[in-house]
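The values are calculated or read from the model by the stated rules, or taken from the named source; none is laboratory data. In this text the structure is predicted, and so the values were computed from the model without any measurement. Here the Cβ positions follow ideal geometry from the backbone for every residue, glycine too, while neighbour counts run over all protein chains shown. Ligands, DNA and RNA are excluded from the accessible area calculation, which covers all protein heavy atoms including side chains. Shrake-Rupley method; radii C 1.70, N 1.55, O 1.52, S 1.80 Å.
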Amino acid sequence: MDDKVLSIKNLIERKGYKFTKQKRVILEELIKSNTHLNSKQIYDKVKDRKIGLATVYRTLSLFSEIGIVKEINIDGVSYYELKMYSKKPLHIHFQCVKCNSIIDIDDNNLNLQYLKICREIENKNNVDIYDIDIMLVGICDKCKKAYC
Ligand SMILES: [Zn+2]
Ligand SMILES: [Zn+2]
């Protein structure tokens with residue numbers, strides 16, 4: 001078993017849940033994909049292995065509750081990306097209104113600035129920030145070019 005899978009398995013079991021074959025298959029797809037997927041897209045990847053859509057929904061909501069995945073809501077649809085072991089845990093999202101693609105804006109310099117802003121907000125308001133969830137909406141590079 002992969003290191004990531006193994007430690008996530010341990011986490012799931014520590015939280016009192018069984019690490020079923022279905023959970024493992026869904027988890028491996030999330031690790032492999034390295035992008036944002038909605039329940040239907042994940043279901044399409046696992047349905048050949050006899051996993052139903054309801055199981056996909058249940059598993060994703062559990063993963064999100066435990067903090068294994070991050071859930072992003074766009075126009076009422078939830079998208080999921082791996083949060084644990086992500087190479088870019090801190091990033092903002094850009095959504096294109098034309099093609100609906102979601103782009104990760106991940107820039108080291110920007111990330112440092114977020115961290116600074118977070119520290120400032122924490123200090124001024126006496127809160128602890130666990131996560132940043134920013135969604136920018138506009139037109140992506142590809143669509144801009146298509147309209148020129
Ligand atoms: Zn676009
Ligand atoms: Zn992302």
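Here Tyr130 meets the list (1) under 23 Å from Lys9 (Cα atoms); (2) in a strand (DSSP E or B); (3) outside the structural domain of Glu28 (by TED's automatic domain parsing) almost entirely, failing just condition (2). Ile31 fulfils the conditions (1) without any contact (Cβ under 8 Å) to a residue 12 or more places away in the chain; (2) touching a Lys or Arg at 6+ places or on another chain (Cβ under 8 Å) except for a single criterion, (1).
Based on what the data block shows, is Ile26 within 16 Å of ligand 2 (Cβ to nearest atom), among the aliphatic types (A, V, I, L, M) and at pLDDT 95 or above?
no
Taking region 26-71 as the range and being touching an Asp or Glu at 6+ places or on another chain (Cβ under 7 Å) and closer than 21 Å to His91 by Cα as the test, the residues that pass are Thr35, His36, Ser64, Val69, Lys70. Applying the condition of being of a type in the set (Val, Ile, Thr) and farther than 19 Å from Val5 by Cα to region 53-76 and asking which residue is nearest to ligand 1 (Cβ to nearest atom) yields Ile74.
In this entry, Glu13 is excluded by the filter for residues that are within 16 Å of ligand 2 (Cβ to nearest atom), outside the structural domain of Gly138 (by TED's automatic domain parsing) and not aliphatic (A, V, I, L, M).
Filter region 52-72 down to residues that are within 13 Å of ligand 2 (Cβ to nearest atom) and open to solvent by less than 70 Å² (accessible area, probe 1.4 Å) and give me whichever is farthest from Phe19 (Cα to Cα). That would be Ile72.
On the basis of being open to solvent by 90 Å² or more (accessible area, probe 1.4 Å), assigned by TED's automatic domain parsing to the domain that holds Gln22 and within 16 Å of ligand 1 (Cβ to nearest atom), does Asp141 make the cut? So Asp141 fails the test.
If you filter region 73-109 down to residues that are more than 20 Å from Lys32 (Cα to Cα) and outside the structural domain of Asp133 (by TED's automatic domain parsing), you find that the one that is least open to solvent (accessible area, probe 1.4 Å) is Ile74. Scoring Glu81 on the criteria (1) of a type outside the set (A, V, I, L, M); (2) in contact (Cβ under 8 Å) with a residue 40 or more places away in the chain; (3) farther than 27 Å from Asp3 by Cβ leaves a single failure, condition (3).
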